[in-house]
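The structure appears right after this line, and notes come after that.
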Amino acid sequence: MVNGTIIEPTEQRPRAGSGRPDNAVAALGHDGGMDLGALCDMIGRDDRTVDDIAGELFDATDAELDERVRALELLRRRVEAESALTLATVEQRRLYLADGHRSMKGYLRATCNSSNPDIAAERRLATAVDGVPGLADALHTGRIGVAQAAAMARVYRNPRVRNRLVEFAAMLLELAERCCYDDFVIALRRFEMLADIDGAHHHRDAQLEGRNVHVTVVGGELHLDAQGGDPVVNDELQAIFHRFCEHEFRKDAAARRAEHGDDAAGQPLARSHTQRSYDAFVDMARRANAHLDTDTDTPAAPNPLVNILCDQRTMALVLADAGLAPTTTLSGDPIDPFTGLPTDTTGDLLADLVADPDAFARMRCDTANGTPLHPHDVLCAVLAGHIRRVVVDTEGVVIDLGRKTRLFTGPAREAAKLLVRRCDHPGCDLPADFCDVDHVTEWVDNGTTDQHNAGVNCGRHNRHKHRHKFTRRRSIHGQSYTIRPDGSIILPIGARPPTFPDDHPDDDPDDDAGVHDDVIEIARQTRRARARLRALRRAG
């Protein structure tokens, strides 16, 4: 067992005459798990050759190989943490001056023969582990990976957010442990924007001002280079391009089906993915050119290609900052600008979220692809009327369908895909647009058809889940985890097992009732506000 994840050995008959070295066996603990100390001793032996390693790997069982990957990764994290702390100490003592080096960079180039980009990354991490509380410990114990630590080091390099990063380090390290890398990076970008909202605004303006595209042909080859631009427009361009790529894929699939009939699934497509992407770009440009000289400059707007997701709390701050919603009552008591209900927030969004990492993780002010947006971009979309509710109340489209239907269809299916970015299966990065929506708790096990029980899986992992009896559960933080048939959880190396709702038998059931009452009160106040607006419009 490694970090709460149980690895069942795969039955494998040993090869006749196989002579696995004794040191390979010694590196396995009494429970089959790799012993890091023994592994270090084994790796450090001078008489151990690459051929010896290849023999050990060839003779290892599947379970032993998996344990070896995990142990080596934990060892790498420990080494990186110790290396970063060592470099930080070397720089503090200015040890590089002994051999006449002018800087730490020169010392590392001469001593480690490293490249400049590698040196920059090592020094960033060394500076961060020295300044961010808990970062070195989280990396050394293996709870976070080197990539997550490097991402935090890049944010710590920004002097405008450095102090706030130190303040919120514990919250971010918790997210780094339980979120996948891509989601953690999005959370870091969101944090950096909130910690320096003015700087984010200047960066957005510079990005928009410096937008450019170059299309050149060199030696008969096409070279396309683009940068900058409005983030919402950029997501729209990406969505348009993906639509054309999907169109090319369907053309290949139809041609294969016409040629091979029922045997089409086992036959290759006529073009590779990269070839189809090039042809999609050409088709997109030719279609645009064909409509360039038409009389209508403003074609009918299609269904939205870009969805902007914003949580209620962030939307309230957007409206309040723009002076479009009150933040206090006439008597001066603070209220939520979005609902008009009493609130105890401080007005500093980061300060309000520091005590609740889950609230920060659930924050949304980005596109469905995860591109963080400045609140001004959201405000522009609201004022332009390009807004729709994704999670709606009883006056809108009903999303929580309870037990009345078995399948996710219509708005329920669309909302489930909007709220996630990719397949739920660990390690799968297939976008949600190409995935199926299914139940976390199965329908046959009394699972409900609502957003709390919605899971998004690609076709392969949806079939794998049902064939091999894998299940999924949501933790108290709202994240979905995949569980093997033997009850073990698929977890990243170093991550601690999650806590599930039924792991708290002593919880007061009245707490949920209180939350439900709050939701009802918010819906009632919202309906009352809308009724007043309609009355004002009729009176005017």
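Structure notes:
- A compact globular protein would have a Cα radius of gyration near 2.2 N^0.38 Å; the ratio found for the range 80-213 is 1.17.
- Rounded Å value of the spacing that divides the Cα centres of the range 246-277 and the range 53-129: 46 Å
- Footprinting exposure proxy for Cys435, Cys380 (fewest neighbouring C-beta atoms within 10 Å first): Cys380, Cys435
- Estimated FRET transfer efficiency when R0 is 45 angstrom, pair His260-Asp230 (beta carbons, to 0.05): 0.50
- Gained length - Asp293 relative to Asp41, 0.36 nm times residue gap less alpha-carbon distance: 83.4 nm
- For Glu91, Glu246, Glu259, Glu67, order by how many other beta-carbon atoms lie within 10 Å, fewest first: Glu259, Glu246, Glu91, Glu67
- Sorted by Cβ density within 10 Å, fewest first, the residues Leu319, Leu237: Leu237, Leu319
- FRET efficiency, 1/(1 + (r/R0)^6) with R0 25 Å, evaluated for Leu72 and Asp52 via beta carbons: 0.95
- Peptides 218-230, 483-495, 168-180 ordered by average Cβ neighbours within 10 Å, highest first: 168-180, 483-495, 218-230
Values quoted throughout were computed directly from the atomic coordinates according to the rules given, and no laboratory measurement underlies them. Computed from a predicted structure; not experimentally measured. When we count neighbours, we look across all protein chains shown, and the Cβ atoms used for this are built from the backbone with ideal geometry, even at glycine.
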